[in-house]
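Report on the following structure.
The values are calculated or read from the model by the stated rules, or taken from the named source; none is laboratory data. Since this is a predicted model, take the numbers as computed values, not measurements. Every residue, glycine as well, gets a Cβ built from its backbone with ideal geometry; the counts of neighbours run over all protein chains shown.
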Amino acid sequence: MASILIVDPSKSNRLYLRLTLEKQGYQVFEAGDGLEALESYEHHRPNLVITEIKLPVLSGADLVQRIKLLAKETFAPVFVVTNAFKPDSIQRILSVGADDFLQKPYPEELLLAKIASLLRNVNFYDDLKQSKEMVSSLHMSLALEHKSAERIFEKFVHGPRQEVPGLEAHVSPASIFNGDVFLSTITPAGNVITLLGDFTGHGLPAAIGAIPVAEVFYSMVKKGRTLKEIIFVINDKLKTILPAHIFFSCVAVKVFPKRRSVSLFNAGMQPVVMLNEASGEYALFESSSVPLGVLDSFELDVDFTKVDVTGSEHFICYTDGIVEAMDDGKEMFGVPRLVESLQTSHYDIGRLVDAAQDFCHGCVFNDDVSIIKLSLADILMQPNQMIASAVLERIPPPSDWSLNYVFSAANLRCNPHPIESIVDAIIGMQPITPYKEDIFIILSELYNNALEHGILQLDSCIKQQSNGFLAFAEAKQKALETLSEGRLMVDIQHEALSDSKGRLRILVSHDGPGRAQDVTTQTSSEIFSGRGITIVRFLCSDFQFDDGGARVEAVYEWERRDGGR
């Protein structure tokens with residue numbers, strides 16, 4: 001039962017209250033003056049104090065103040081039961097903290113009702129305090145867990161990001177965890193890759209997928225995998241782990257400084273903007289694929305847009321948070337305003353963000369806002385330095401070796417994409433990871449040229465039709481399914497030229513009825529389909545077709561640029 005301290009200079013008044021309260025089951029303590037009451041309160045800590053206003057030694061108002069100070073965060077109700085009739089006295093003791101008062105004489109029922117009410121408030125306050133402490137403890141625990149998760153997120157997603165010349169970024173999350181993903185690095189071959197993506201929603205649920213995306217991206221780039229391979233693996237992983245309502249829109253841009261070209265892939269993102277500083281013109285590259293994590297990889301159309309560049313171009317990639325910023329009339333900022341702002345601000349993405357905020361009158365963006373700008377002048381002027389900065393592993397001295405592959409019709413049907421395995425075998429024999437991308441491109445073009453035109457006898461003119469690439473892919477799949485004869489051979493020889501130089505000789509031949517056509521003999525209407533062979537010629541020191549196109553040989557030379565470290 002609750003305990004009550006009675007403070008009254010009148011012994012008879014104290015006796016009356018004691019008998020009344022003990023009859024109700026309360027534990028009662030007594031004090032005849034303010035100082036004795038204070039000492040009793042400190043010793044017994046009663047649930048309720050009933051006091052007179054006029055007290056010897058320490059006044060009732062002073063007693064109330066001292067009790068409230070001792071109680072600190074605990075609710076210690078003080079009930080004033082008094083003979084005083086002066087409003088000033090009552091007003092003062094209430095102003096310093098007394099919780100209720102009752103003038104004598106009073107009905108006993110009213111006294112007991114007020115006491116019961118104040119004690120209920122004590123219980124309520126105690127319950128509230130306990131709940132507050134539980135919530136505070138839970139909040140501290142969650143904050144600690146959140147901080148730990150934030151550190152892990154930062155380490156996985158942002159930690160491996162490399163500084164890339166000519167790359168600027170603005171990242172403004174709508175919450176601590178960011179549903180936007182921004183990754184950038186320099187490949188072992190010295191090419192620049194940036195990936196900007198946007199998971200459905202924002203905050204922690206949207207950020208969950210960022211860790212596997214970053215892990216796949218950086219680990220595969222380090223191994224020299226192609227961007228297409230990386231996209232397929234990211235798609236497979238997200239398709240496996242993400243719930244159906246979360247997917248990953250993204251845009252990937254790859255800059256080839258030596259070739260002075262850019263490849264980009266847009267999967268469900270806002271159009272990529274290319275601004276030409278020299279001409280003042282711009283181009284938009286719309287999405288060409290569904291977001292990642294929606295379809296299985298064999299259904300995914302990973303079609304890269306290739307752009308030849310001069311160095312005066314700026315590529316702008318951004319998430320929809322900025323273009324969907326609205327003014328008071330619910331009108332969006334939009335892509336046209338974004339382009340206009342970039343042109344008038346000399347491609348300053350900071351001023352672009354300011355323009356969007358001015359448009360919506362200083363609003364806080366409702367969604368994550370990420371913008372990246374790739375200025376090609378800074379990238380194209382130092383391709384060799386980027387290769388040197390990208391080579392982080394020791395390349396051993398070259399040696400002599402060879403690899404030979406023979407693919408029968410059955411092999412070609414069951415394994416239509418063996419190039420990855422062949423390139424891995426080459427890197428296993430001679431760890432020249434910085435040149436892996438070049439080797440992959442050379443082998444892919446020669447192998448596909450022999451298969452598609454030599455064995456399957458497909459016509460490249462199909463690609464020039466509407467939806468030509470899709471029609472060509474369907475024709476290739478159909479021809480493979482019915483293929484019953486034919487062989488394709490890949491012979492690879494590596495020769496050491498010095499302690500730091502090597503020569504890779506790649507010979508691809510076939511015994512099919514068709515003949516691969518040398519791109520140098522193609523008409524202007526056919527050049528589009530032979531663009532891959534043109535790139536191979538650029539990469540190789542020697543390249544030639546023999547035996548009417550049934551045999552093609554490419555020679556690729558490499559050199560260590562890390563000084564053998």
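Can you name the residue in the stretch 324-350 that is touching a residue at least 24 places away in the same chain (Cβ under 8 Å) and in a helix (DSSP H, G or I) and is also farthest from residue 276 (Cα to Cα) among such residues? Step through it out loud before you land on a result.
If we filter the stretch 324-350 for residues that are touching a residue at least 24 places away in the same chain (Cβ under 8 Å), which is where we start, we get 324-328, 333, 335, 338-339, 342-343, 347, 349-350.
Cutting the leftovers down to in a helix (DSSP H, G or I) gives us 335, 338-339, 342-343, 349-350.
Numbers: 335: 17, 338: 15, 339: 12, 342: 11, 343: 10, 349: 15, 350: 19 Å.
Top of the filtered list is 350.
Taking the stated definitions as given, is residue 205 outside the structural domain of residue 438 (by TED's automatic domain parsing) and either within 20 Å of residue 369 (Cα to Cα) or modelled with pLDDT under 85 (or both)? Spell out how you get there, then give the answer.
On the way: outside the structural domain of residue 438 (by TED's automatic domain parsing): yes; either within 20 Å of residue 369 (Cα to Cα) or modelled with pLDDT under 85 (or both): yes.
It is true that residue 205 is outside the structural domain of residue 438 (by TED's automatic domain parsing) and either within 20 Å of residue 369 (Cα to Cα) or modelled with pLDDT under 85 (or both).
Kindly provide the set of residues from the stretch 105-137 that are more than 17 Å from residue 73 (Cα to Cα) and either among the aliphatic types (A, V, I, L, M) or touching a residue at least 40 places away in the same chain (Cβ under 8 Å) (or both), ordered by number.
108, 110, 111, 112, 113, 115, 116
(1) at pLDDT 85 or above; (2) in contact with a helix residue (DSSP H, G or I) (Cβ under 7 Å, 6 or more places away or on another chain): which one isn't true of residue 243, the others all being true?
In the conditions (1) at pLDDT 85 or above; (2) in contact with a helix residue (DSSP H, G or I) (Cβ under 7 Å, 6 or more places away or on another chain), residue 243 misses (2) alone.
Kindly state which helices (runs of 4 or more DSSP H) lie completely within the stretch 1-71 and contain at least 3 residues that are over 18 Å from residue 108 (Cα atoms).
Values: elements: 11-23, 34-44, 60-71.
Answer list for the stretch 1-71: 34-44, 60-71.
Report the residue count in the stretch 72-97 for those that are assigned to a helix (DSSP H, G or I), at pLDDT 90 or above and not polar (S, T, N, Q).
Number satisfying all stated conditions: 3.
As an exercise: evaluate residue 198 against (1) surrounded by fewer than 24 Cβ atoms within 10 Å (Cβ to Cβ); (2) at pLDDT below 95; (3) touching a strand residue (DSSP E or B) at 6+ places or on another chain (Cβ under 6 Å) and give the number of the one condition it does not meet.
Evaluating residue 198 over (1) surrounded by fewer than 24 Cβ atoms within 10 Å (Cβ to Cβ); (2) at pLDDT below 95; (3) touching a strand residue (DSSP E or B) at 6+ places or on another chain (Cβ under 6 Å) leaves (1) as the failure.
Given the criteria within 14 Å of residue 4 (Cβ to Cβ) and surrounded by fewer than 20 Cβ atoms within 10 Å (Cβ to Cβ), does residue 23 qualify? Please lay out each step first, then the result.
Working: within 14 Å of residue 4 (Cβ to Cβ): yes; surrounded by fewer than 20 Cβ atoms within 10 Å (Cβ to Cβ): yes.
So residue 23 passes the test.
Within the stretch 264-286, track down each residue that is of a type in the set (Ser, Thr, Tyr) and either in contact with a Leu (Cβ under 7 Å, 6 or more places away or on another chain) or within 23 Å of residue 241 (Cβ to Cβ) (or both). Break it down stepwise before answering.
If we filter the stretch 264-286 for residues that are of a type in the set (Ser, Thr, Tyr), which is where we start, we get 279, 282.
The one that is of a type in the set (Ser, Thr, Tyr) and either in contact with a Leu (Cβ under 7 Å, 6 or more places away or on another chain) or within 23 Å of residue 241 (Cβ to Cβ) (or both): 282.
Go through the residues of the stretch 433-453 one by one and say whether even a single one is under 34 Å from the mean Cα position of the chain (by Cα), modelled with pLDDT of 85 or more, crowded, with 19+ Cβ neighbours inside 10 Å and among the polar types (S, T, N, Q).
Within the stretch 433-453 (the criterion being under 34 Å from the mean Cα position of the chain (by Cα), modelled with pLDDT of 85 or more, crowded, with 19+ Cβ neighbours inside 10 Å and among the polar types (S, T, N, Q)), the answer is yes, since at least one residue qualifies.
Considering only the stretch 305-323, how many residues are buried (at least 17 other Cβ atoms within 10 Å of the Cβ) and part of a loop (DSSP other than H, G, I, E, B)?
Count: 2.
Table: residues versus (1) acidic (Asp, Glu); (2) touching a helix residue (DSSP H, G or I) at 6+ places or on another chain (Cβ under 7 Å); (3) more than 21 Å from residue 193 (Cβ to Cβ).
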| position | (1), (2), (3) |
| --- | --- |
| 276 | no, no, yes |
| 282 | no, yes, yes |
| 296 | yes, yes, yes |
| 300 | no, yes, no |
| 306 | no, no, no |
| 311 | no, yes, no |
| 315 | no, no, no |
| 321 | no, no, yes |
| 324 | yes, no, yes |
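Out of all the residues in the stretch 473-490, which are touching a residue at least 60 places away in the same chain (Cβ under 8 Å) and either surrounded by 16 or more Cβ atoms within 10 Å (Cβ to Cβ) or aliphatic (A, V, I, L, M) (or both)?
Hits for the stretch 473-490 are 480, 483, 486, 488, 489, 490.
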